[in-house]
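Heads up, the thing below is written out as structure tokens.
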Amino acid sequence: MDKRLFNVLHLGLGFMFVFTAFQTLGNIERTILESVTKDDPSFNGNAYISLAVIYTFFALGNWLSPSLIASIGPRMSMVIGSFTYLLFIASFFKPMTWLLYFASVIMGLGASIIWTGQGNYLTLNSDDTTMSRNSGVFWALLQCSMLFGNFFVYMAFNDPVIEQSTRLLVTIVLSALCGLGCIFMLLLRPAVSASGIVVPQRNAGPIQAFVEAVSLMRQKEMVLLCVTFFYTGLELSFFSGVYGSCIGATLNISDNPKQLVGLSGILIGIGEIAGGLLFGLLSSKTARFGRDPIVLLGFVVHIATYFCIFLNLPDSSPLKETTDNAIIKSSGYLAIACSFLLGFGDSCFNTQIYAAIGTIFSEESAPAFAVFKFTQSIAAAAAFFYSNAIGLYIQLGILIATAVLGTVTFCWTERIVRRKDHSSDSDRIIENEEVNEELPPSCF
């Protein structure tokens, strides 16, 4: 195994442990906080508002994160970011409204640091031939987090009423896993080149890094990709925070809908891992067709999934526990099948976005990933805000509309990049022919 792939695997394992903790908590946060409110009426924290605060400050922090990474490097940035996740999870040991929102602010800023650092570190350990593979491998390891944490929740939430002892057990386990992820981040090795030489930190000051992030927003490719980024933010908020809550709130879907929340998270993770491994291991074969066919596959999968969710869950499920009937009789089997498809479709989009950024903006990877996470987190924050106020059917309509736009703009960007590459190849051929014509016959 070469050192670069080892670094990618190490990075993926660190993120797997941190996000086993956070994604699991995000998936059950509404369920947890509702049970806290029943035990303590003075507590009025709202899961959707907490997640919206996280993604709002995540978005704002992305304009500062390239400057921090330029100063201290991607590895130390990821260490700092991972500890903010631990702080947020630890706040659930003693749920208090002010503490919930304060920890959400801190974690949102930390998220911008860890994700921009991750994109930069992944790019430094990759090149044009390995970027798709490394993106797929990293994504598969990251999404293993959906399996382990949600399996634990599935086993722990075996009663419709979530007692304080169960909440405490979940918080302890998730804090321990996040702490293990922090240790992995501390032990990350420096990025290396293909020959195994340590890649020096790019010599860019904090101000220059900020200016680069702003200037990227003027490039046509980035403007188009931002529409795709925006869609991934909306669907991220849907499958990570809203969809599981909708299943848990649909009381006639099964005898114990709360237990299905954990099972839904497991199936989302399986879908994410399947997509990451498929597109990572087959990257050498799919590269000839480009990245857009995989994004088109994700689009088709998501549109079909949204239609099934529309049929299977009642419109009021994001807002409250309900016994309302859906268009068809609500089915737990169909609900978790849709969970798998949501995860698989998300991996189609995200693995190709990572590959696109890592190749199109390889020289400006830190600010490029910052723009990606800024746009994605703005969308996620907006989605969590409106998820607390509008029904499921309108939310699905918004997802479908933005999915269409995001897919079109991604394919448009790929077409522009291919044209530029073709023009560059043509120019090189012409230059070589001109040089050959100028050489004397004795040189042949």
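The values are calculated or read from the model by the stated rules, or taken from the named source; none is laboratory data. Since this is a predicted model, take the numbers as computed values, not measurements. Please note: Cβ atoms are built from the backbone with ideal geometry, for glycine as well, and neighbour counts cover all protein chains shown. Side chains are part of the model used for accessible areas, which takes the heavy atoms of the whole protein and leaves out ligands, DNA and RNA. Shrake-Rupley method; radii C 1.70, N 1.55, O 1.52, S 1.80 Å.
Structure summary
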item	result
The chain: Rg to Rh, with Rh as the Kirkwood radius over Cα pairs	1.01
Pairwise Lys count, the chain - Cα closer than 22 Å, eight or more residues apart or different chains	8
Accessible surface of the chain, 1.4 Å probe, proportion on carbon and sulfur as whole %	68 percent
For the chain, built as a Gaussian network whose Cα springs stay under 10 Å, the top-fluctuating residue of Leu341, Leu122, Leu319	Leu319
Heavy atoms of Ile327: accessible area, 1.4 Å probe, square angstrom to 10	90 Å²
Point-to-point label distance, Met96-Ile172, nm (Cα→Cβ direction, 7 Å offset)	2.3 nm
Protection proxy ranking, peptides 138-148, 399-409, average beta carbon neighbours within 10 Å, highest first	138-148, 399-409
With all protein chains modelled, accessible area of Val137 [1.4 Å, Å²]	30 Å²
Residues in the range 325-366 reached by a label modelled at Leu5 [backbone nitrogen below 13 Å; 7 Å Cα→Cβ]	none
Three principal axis lengths of the range 22-89 [C-alpha, angstrom, descending]	47, 19, 19
Longest site-free stretch - the chain; sites: trypsin sites (Lys or Arg not before Pro), DSSP loop, at most 15 other Cβ within 10 Å	1-217
Rough spin-label spacing in nm, given labels placed 7 Å along Cα→Cβ, for Val408 and Asn252	3.9 nm
Theoretical gain in end-to-end length, Ala194 to Phe307 [0.36 nm per residue, Cα-Cα removed]	36.1 nm
Value of relative contact order over the chain, rounded to a whole percent, pairs C-alpha under 8 Å and six or more apart	26 percent
Inter-site label distance for Lys329 and Tyr393 at 7 Å from Cα along Cβ, in nm	2.2 nm
Contact order normalised by residue count of the range 68-197, Cα under 8 Å, 6+ apart, percent	39 percent
Residue-normalised accessible area of the range 1-135, given per residue in Å² at a 1.4 Å probe	34 Å²
